[in-house]
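Input: a single structure, listed below in structure tokens.
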Amino acid sequence: MTAQRNFKSQVRARMQQTGVNYTTARMELLKEYEERQQNARREAYQEHQTIVSRFFKDGAMTVMPSKRRTRAHILLYLVNYFQAGRTYTEQEVNYILHELWPDFAYLRRELVDYGYLERNTRAEYWLTSFSPERWGTVLHDEAPAWEFYWLPEYLNGQEKQVDFFDTI
């Protein structure tokens, strides 16, 4: 039995509308919820893919986006170039990012500022263990929706890297 009163009232309303029993009404609502979640994930992925693909050509960035929201998509895509659980030296991070954009130091700082990379005093970098908490911060409005779906699974090793350029 569920502890969510709002969900229980939705189930009971569905029972009255359709005349089905509680279990069937509950299953129907859960299925609809799952479909909405899958659609939202698909839309977030498509938005992310569209934005990122506009700024990359032949595996490198062609231009740095001026809008912060668009830049957040680029930074989230750059997370793909780092493995969860691995520690990188600053030189390794610079090398990876320099292959993508000449101002690698800017990208490195942005990845740290957005909470995707963490750094210690020995200039070692690693992907954060958890998705950055965005709620109630300035970054909440500009963070890509795809971050919510993909990043936690990627950081836990449950999601593969996203390479849009195999399909473009």
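The values are calculated or read from the model by the stated rules, or taken from the named source; none is laboratory data. Note that the structure is a prediction, hence the values are computed from the model and not measured. Ideal geometry is used to build each Cβ from the backbone, glycine not excepted, and the neighbour counts take in all protein chains shown. Side chains included, ligands, DNA and RNA excluded: accessible areas come from the protein's heavy atoms. Shrake-Rupley method; radii C 1.70, N 1.55, O 1.52, S 1.80 Å.
Here's the yes/no breakdown for (1) touching a helix residue (DSSP H, G or I) at 6+ places or on another chain (Cβ under 6 Å); (2) in a helix (DSSP H, G or I):
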residue	(1), (2)
ASN6	no, yes
MET27	no, yes
LYS31	no, yes
GLN38	no, yes
VAL63	no, no
VAL79	no, yes
ALA84	yes, no
ASN94	yes, yes
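The condition of being within 21 Å of GLU47 (Cβ to Cβ), free of Cβ contacts under 8 Å to residues at least 40 places away in the same chain and among the aromatic types (Phe, Trp, Tyr) holds for only one of TRP150, TRP135, TRP146, that being TRP135.
Residues satisfying the criterion are present in segment 45-61 (criterion: over 13 Å from the mean Cα position of the chain (by Cα), among the β-branched types (Val, Ile, Thr) and open to solvent by 40 Å² or more (accessible area, probe 1.4 Å)).
Listed here are the residues, each with its yes/no results for (1) surrounded by 12 or more Cβ atoms within 10 Å (Cβ to Cβ); (2) of a type in the set (Asp, Glu).
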residue	(1), (2)
LEU107	yes, no
ALA123	no, no
SER129	no, no
THR137	yes, no
ASP141	no, yes
TRP146	yes, no
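Answer with yes or no whether PHE82 is in contact with a Ser or Thr (Cβ under 9 Å, 6 or more places away or on another chain) and open to solvent by less than 90 Å² (accessible area, probe 1.4 Å).
No: the conditions fail for PHE82.
In segment 2-35, the qualifying residues are those that are over 28 Å from the mean Cα position of the chain (by Cα) and of a type in the set (D, E, K, R), and the one that is surrounded by the fewest Cβ atoms within 10 Å (Cβ to Cβ) is ARG5. Does segment 30-45 contain at least one residue that is closer than 30 Å to HIS98 by Cβ and not acidic (Asp, Glu)? Yes: one or more hits.
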